[in-house]
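Q: Below are the structure tokens for one structure; questions will follow.
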Amino acid sequence: MKKNVLFKGISMMMVFASLFLFVNCEGENALPETDPVVELLESGEMKGVLKENYTLDAGTSYRLTGQFIVDGGATLTIPAGTQIIANASQGQATETYIAVMMGSKINVNGTSGAPVVMTSPNAQPQDWGGLTICGEATTTAGVNATAEVGNFKYGGSKDDDNSGSISYLVIKGSGAKINTESEYNGLTLYAVGSATQISNVAIINGADDGVEFFGGTVSAQNLYLENNEDDAIDWTEGWNGTVTNAYVKHTIDGFSTVVEA
């Protein structure tokens with residue numbers, strides 16, 4: 001009887017050991033969960049908060065279906081020829097935009113022959129929000145100021161802050177209106193720093209400004225601004241940068257100014 005008891009005890013120990021090894025191996029070999037935002041990107045949809053580095057596929061026509069925010073120090077890279085189509089649902093134009101938060105970056109790597117295009121299906125004013133970048137350079141609004149759109153935070157003391165680079169980008173149909181006082185611009189730069197590179201940007205058919213600088217030290221060159229219904233170029237909050245080579249074209253009534261400062 002003692003032998004049988006001993007045998008049964010050893011058998012149970014072997015079973016428990018096997019189960020432990022099985023569970024342990026399962027844990028070691030389990031694949032990490034994919035971020036839901038990345039899963040959407042893999043399917044060609046842009047929506048949510050991206051918190052890891054990601055490069056879009058130039059062969060995919062992306063659908064922007066809501067807020068797409070780059071945050072947590074992540075970098076979004078957009079290769080030459082990429083198209084992003086803002087498909088705002090009825091009444092959701094103000095919630096359909098691309099925004100880059102403080103400490104994160106966007107690299108738009110278009111070329112003259114294959115620019116990156118961000119547009120709506122009809123490319124008409126107010127179809128969607130546009131592109132907003134928030135940096136940590138100085139602004140008269142102070143540190144951690146709150147943007148007039150999106151409640152984004154911006155502003156600091158890093159005048160050489162780097163939010164990435166933009167080269168050969170076309171933005172169409174932006175300027176969704178939040179209220180009578182607040183609208184999105186085609187390209188909005190909140191306290192963006194001087195290490196950020198911006199060149200060869202076309203902003204067409206925007207309901208508000210083509211590009212607006214809220215403080216910061218970033219400079220831009222080679223801007224093409226067509227039929228933006230308010231100002232072509234606007235700056236405020238002590239922006240300390242330069243614009244080199246800007247071409248402004250208007251074929252619509254009600255245009256405000258070429259430059260407002």
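Q: What does the C-alpha gyration tensor say about the overall shape of segment 106-233? Classify as rounded when a/c is under 1.5, otherwise prolate if a/b is larger than b/c, or oblate.
A: Working: a/c = 2.12, a/b = 1.21, b/c = 1.75.
Note, shape of segment 106-233 comes out oblate.
Q: Here's something else I'd like to know. Whole number please: convex hull volume per residue, Cα atoms of the chain, in Å³. Before the final figure, lay out each step's value.
A: Numbers: hull volume 44.1 nm³, N = 261.
Enclosed volume per residue, from the Cα hull, is 169 Å³.
Q: Also, quick follow-up: If I take R0 = 25 Å and measure r between the Cβ atoms of residue 58 and residue 34 in this structure, what FRET efficiency does the formula 1/(1 + (r/R0)^6) give, to the nearest 0.05?
A: E between residue 58 and residue 34, to the nearest 0.05, is 0.70.
Q: Restrict the search to segment 40-146; then list the GluC sites (Glu not before Pro) that DSSP places in a loop and that have at most 14 other Cβ atoms within 10 Å of their Cβ.
A: On the way: sites: 42, 45, 52, 95, 136; in loops: 52, 136.
Passing both the DSSP loop test and the Cβ count: 52.
Q: What fraction, in whole percent, of alpha-carbon pairs in segment 170-261 exceed 18 Å separation?
A: Tail fraction, whole percent: 38.
Q: What number, rounded to the nearest 500 deg cm²/dmol, is the helix-based mean residue ellipticity at 222 nm of the chain, given -39500 (n - 2.57) per DSSP H run of at least four residues and division by all its residues?
A: -4500 deg cm²/dmol
Q: In addition: What GluC sites (Glu not before Pro) does segment 206-236 have in DSSP loop regions with at most 10 other beta carbons within 10 Å?
A: Qualifying residues, ordered by number: none.
Q: Please work out the Cα center distance from segment 93-168 to segment 182-256, rounded to the nearest Å.
A: Here the two parts' Cα centres lie 11 Å apart.
Q: Here is a follow-up. Which of rounded, prolate or oblate describes segment 66-150 when judged by the alpha-carbon gyration tensor and an a/c cut-off of 1.5?
A: Oblate, because a/c is 1.5 or more while a/b does not exceed b/c.
Q: Something else now. List the residues whose amide H sits under 5 Å from the amide H of residue 50, counting only those 5 or more places along or on another chain, with H placed 1.01 Å from N in the peptide plane.
A: Amide H to amide H, under 5 Å and 5 or more residues apart or across chains, residue 50 pairs with 69, 70, 71.
Q: Which angle from 0 to 90°, rounded to the nearest 10, does the C-alpha axis of helix 2-29 make with the longest principal axis of the chain?
A: Once rounded, the angle reads 10 degrees.
Q: Is the C-alpha gyration tensor of segment 40-80 telling us rounded, prolate or oblate? Criteria: a/c under 1.5 is rounded; beyond that, a/b larger than b/c is prolate, otherwise oblate.
A: oblate
Q: How big is the charge dipole of the chain about its Cα centre, in debye rounded to the nearest 20, if each Lys and Arg gets +1 on its Cβ and each Asp and Glu gets -1 on its Cβ?
A: Value, rounded to 20: 1440 debye.
Q: Give me, ordered by chain and number, the residues 5 or more places off residue 86 or on other chains with an amide H under 5 Å from its own placed amide H.
A: Those qualifying (amide H under 5 Å, at least 5 residues apart or on another chain) are 64, 119, 120.
The numbers here are math on the coordinates, done by the rules we state, and not lab data. Because the structure is a prediction, the values reported are computed rather than measured. In this analysis, Cβ positions are derived from the backbone assuming ideal geometry, glycine residues included, and neighbour counts consider all displayed protein chains.
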